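A short write-up of the structure that comes next.
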Amino acid sequence: MPPLTPVDARFAPSSGAPSPFAPGPAAGSPRWQPLRRRGSLWLALLLVVGPVLAGPDAVAAGGGDLDVRKAAPGTTFRDCDGCPEMVVIPQGEFRMGFEGGEPERYEGPVRDIKIGYQFAAGRFEITNAQYRAFSDDTKRVSTKGCYALAGKVGYEYKPMPGKDWQDPGYGRPIRDDEPAACITWTDAHDYVQWLARKTGRKYRLLSEAEWEYVARAGQPGRFIWGDAPQRACEQSNLFDASAAKALPGTDIGVAPCDDGQPGVAPVGSLKPNAFGLYDMIGNVWEWVEDCYTMPHRADAPVDGSPQVKHGCDRRGSRGGSWISSYDRQRPAFRGRDPVDRISQIFGFRVARD
Ligand SMILES: [Ca+2]
């Protein structure tokens, strides 16, 4: 096996080769629909008022004994002070994946997924403040040597001695409200187990299918911004015009817009999606529960549960980052790395049943 590097370090800019995204059946397509009329109404309601409900001042309520399988979709809550804010997600179905992708990163076959249960997803990526609470409470010894951008010019990611989540290599102190980064899959998994113990609630990571479902939020196709690339920066902190200006010589695909964030950004800096979730695409990659096989196996679950039987030397990560190529900022793109991979652009989001 060749040396493994963070997902973005393997990106090869276009060199005249055919686009890896040859036209194929559109993922998503008009077949996305909630399972029941009740769900359809919820989605319609969320599409209209979700961003309003999810505004920065919409303080979470409830929590504790909240039954996410019965609560109204769109309900936000927090199970304790310092716990992540959660949003109740309606059941539904969608088409997962894409009949294309980079060489060795085929994203198909496109599959029909039915999520016949409600769950809650983190409204934001887990922040440094939230991760610190876990780290302090468990006296966790952080892994050092995080892959980080090696310089201010060009795009070179390599293990940086001493770098960890407390100093991911930004060249400045971290902020409490930025997403925790330099997080391994094991770190993320241990966090949700700690949070479950602390709250007595069923916290876990999202499955790949759940992640793509909530990232799409009803949006089929390659990008969540549809066919309007100039809108890419509305919801997503991407490698955009401001990042390209701040990091000259970084030869990766630049988003055709300006999100005003040259680097990692505090969570929730941009607009939420129709489910009221922030930063699903961009900011940091988000670890998911699933082990990685490519293509999806014929016996892989299609009910929203994770695939954890095969390929568990690597786990999935989703959603791109503030320094990912534009072609990777797609809801179907599948990152995959060893469970102990530690990178400046790897973070996570939590789920709860
Ligand atoms: Ca940006």
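Values quoted throughout were computed directly from the atomic coordinates according to the rules given, and no laboratory measurement underlies them. Predicted model, so just to flag it, every value in this text is computed and none were measured. All Cβ positions, even for glycine, are placed from backbone atoms using ideal geometry, and neighbour counts span all protein chains on display.
The residue of the stretch 193-203 that is surrounded by the fewest Cβ atoms within 10 Å (Cβ to Cβ), among those that are in contact with an Asp or Glu (Cβ under 9 Å, 6 or more places away or on another chain) and on the phi < 0 side of the Ramachandran plot, is Lys202. The residue pairs whose first member lies in the stretch 325-343 and is touching a residue at least 60 places away in the same chain (Cβ under 8 Å), whose second member is among the hydroxyl-bearing types (Ser, Thr, Tyr), and whose beta carbons are closer than 6 Å, counting only pairs six or more residues apart or on different chains, are Gly335/Ser317; Arg336/Tyr292; Val339/Thr186; Asp340/Thr184; Ile342/Thr143; Ile342/Thr184; Ser343/Tyr147.
Restricting attention to the stretch 253-272 and to residues that are within 12 Å of the ligand (Cβ to nearest atom) and β-branched (Val, Ile, Thr), the residue that is farthest from Phe239 (Cα to Cα) turns out to be Val264.
Cβ separations smaller than 8 Å between residues 6+ apart or across chains give the following pairs from the stretch 242-254 residues that are under 19 Å from Ala265 (Cα atoms) to residues that are within 9 Å of the ligand (Cβ to nearest atom) and of a type in the set (S, T, N, Q): Ser242/Gln261; Ala243/Gln261. Taken over the stretch 176-228, residues that are in contact (Cβ under 8 Å) with a residue 40 or more places away in the chain and outside any helix (DSSP H, G or I) amount to 24. Applying the criterion of being surrounded by 21 or more Cβ atoms within 10 Å (Cβ to Cβ), part of a loop (DSSP other than H, G, I, E, B) and basic (Lys, Arg) to the residues of the stretch 307-334, the residue that is farthest from the ligand (Cβ to nearest atom) is Arg334. Of the set (1) surrounded by 24 or more Cβ atoms within 10 Å (Cβ to Cβ); (2) under 21 Å from Phe348 (Cα atoms), all apply to Ala255 but (2).
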